[in-house]
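Notes follow the structure.
Each value in this text was obtained by applying a stated rule to the coordinates, not by laboratory testing. Since the structure is predicted, the reported quantities are computational estimates derived from the model, not experimental observations. All Cβ positions, even for glycine, are placed from backbone atoms using ideal geometry, and neighbour counts span all protein chains on display.
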Amino acid sequence: MSNAPLIISAAIVGAEHSRDTYPHLPLTPDEIAAAAEEAVNAGASIIHLHVRDEKGLPTQRVDVFETVTEKIRNRCDCILQYSTGGAVGTPVELRCNPVALKPDMATLSMGTMNFGSEIYENTEETIATIAGAITDNGVMAELEVFDFGQIETVTRMVKKGLVPETHHMDFVLGVPGGMSATISNLVMLVNRLKEGQTWAVAGLGRGQLPMAMHSIAMGGHVRVGIEDNIYYRKGELAVSNAQLVERVVRIAREYDRPAATVTQARQILGLSG
Ligand code: KMH
Ligand code: ZN
């Protein structure tokens, strides 16, 4: 069993929720920055970032990413990871734009899929375009794999030089339309990774806690947060992103996997300071 420090990524906003579904959702730049700081203080080292416009709707506007980034940087040190997924239906050029601000990391979704009742479009052309924006800006990619076929796409596109060979891997399990958040699915995916590949799992909804626990035991890393799960337990909304992070920190401590500091997370991921 690995005793390596655990990188906890906090997905603090997302694109799918609103105040109707989750009343404490951070929306304004100040609220998002405060939520990021709380999550980092609780033990997160990566902030997976989506932002919202003045109406509280998901946006890929560069000026909003810039404002939120500045506010987060003024409050705390963390690895900032921008979403290039945006919301379902966001055009690819808009998805790429914020990467020009050169965050530490950016996500790269690895395939088209049903996303609930909608279609999340990630053709190979789209993936290559976003991957190009990420590499051209010297940003580290976190590949988002939602389904088994997408891991085959990773292999194929890395071989063709269209997706960076050096990347962090995140299995996002439990999207209706993707793989469900089960232990056997997680094991199957992890078994396909090359030796030394860093990976994390983000379990959606009720899958968040069991996926986190199994990743801790398997030597992986963990993503939690309101983007993926709004409940602390069945029928009880989480009070904050930090609360979800704190629970993982407590469990991981029992496994002798202390939450990674930002410096440790950078070292593990091979990110420069
Ligand atoms: N909002 C989802 C459609 C990412 O951030 O890279 C896509 C998503 C993935 O959240
Ligand atoms: Zn996201």
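Miscellaneous remarks
- Computed about its Cα centre, the charge dipole of the chain is approximately 620 debye, with only Lys, Arg, Asp and Glu carrying charge at their Cβ.
- Packing-based order for 48-57, 243-252, using average beta carbon neighbours within 10 Å, highest first: 243-252, 48-57
- Placing R0 at 30 angstrom, the Cβ-Cβ distance between LYS102 and ALA217 gives a FRET efficiency of 0.30 after rounding to 0.05.
- The range 153-195 shape via C-alpha gyration tensor axes, a/c threshold 1.5: prolate
- Ordering of 235-242, 6-13, 215-222 by burial proxy (mean other Cβ atoms within 10 Å per residue, highest first): 6-13, 215-222, 235-242
- Considering only alpha-carbon pairs that sit under 8 angstrom and 6 or more positions apart, the relative contact order computed for the chain is 24 percent.
- With semi-axes defined as the square roots of five times the eigenvalues of the C-alpha gyration tensor, the equivalent ellipsoid of the range 230-273 measures 27, 13, 7 Å, largest first.
- Its Cα gyration tensor gives the range 102-217 an equivalent ellipsoid. The semi-axes, each the square root of 5 times an eigenvalue, are 22, 17, 13 Å from largest down.
- For VAL163, the residues whose amide H sits under 5 Å from its own are VAL158, ignoring neighbours fewer than 5 places away on the same chain, with H placed 1.01 Å from N.
- What separates the Cα centres of the range 32-85 and the range 216-233 is a distance of 18 Å.
- Cα shape, the chain, gyration tensor, a/c 1.5 rule: rounded
- The range 1-147: relative contact order as a whole-number percent, Cα under 8 Å and 6+ apart: 19
- Once the Kirkwood radius over Cα pairs is known for the range 5-54, the Stokes-Einstein relation at 37 °C and 0.692 mPa s delivers a diffusion coefficient of 291 µm²/s.
- Proximal lysines relative to LYS55, as straight alpha-carbon distance under 29 Å, when same-chain residues fewer than 8 apart are discounted: LYS71, LYS102
- Using a cutoff of 8 angstrom between alpha carbon atoms and counting only pairs six or more residues apart, the relative contact order for the range 180-273 works out to 21 percent.
- For the chain, built as a Gaussian network whose Cα springs stay under 10 Å, the top-fluctuating residue of SER45, SER83, SER18: SER18
- An oblate overall shape is assigned to the range 144-273, the ratio a/c of its alpha-carbon gyration tensor axes (a ≥ b ≥ c) being 1.5 or greater and a/b not exceeding b/c.
- Considering only PRO98, PRO23, PRO258, the Gaussian network model of the chain with Cα springs below 10 Å gives its largest mean-square fluctuation to PRO23.
- Helix-derived mean residue ellipticity, 222 nm - over the chain, DSSP H n ≥ 4, -39500 (n - 2.57), to 500: -11000 deg cm²/dmol
- Most mobile of ALA259, ALA87, ALA106 in a GNM of the chain (Cα contacts under 10 Å): ALA87
- Near ALA44, no amide H atom lies under 5 Å from its own; only residues 5 or more places off or on other chains count, and H is placed 1.01 Å from N.
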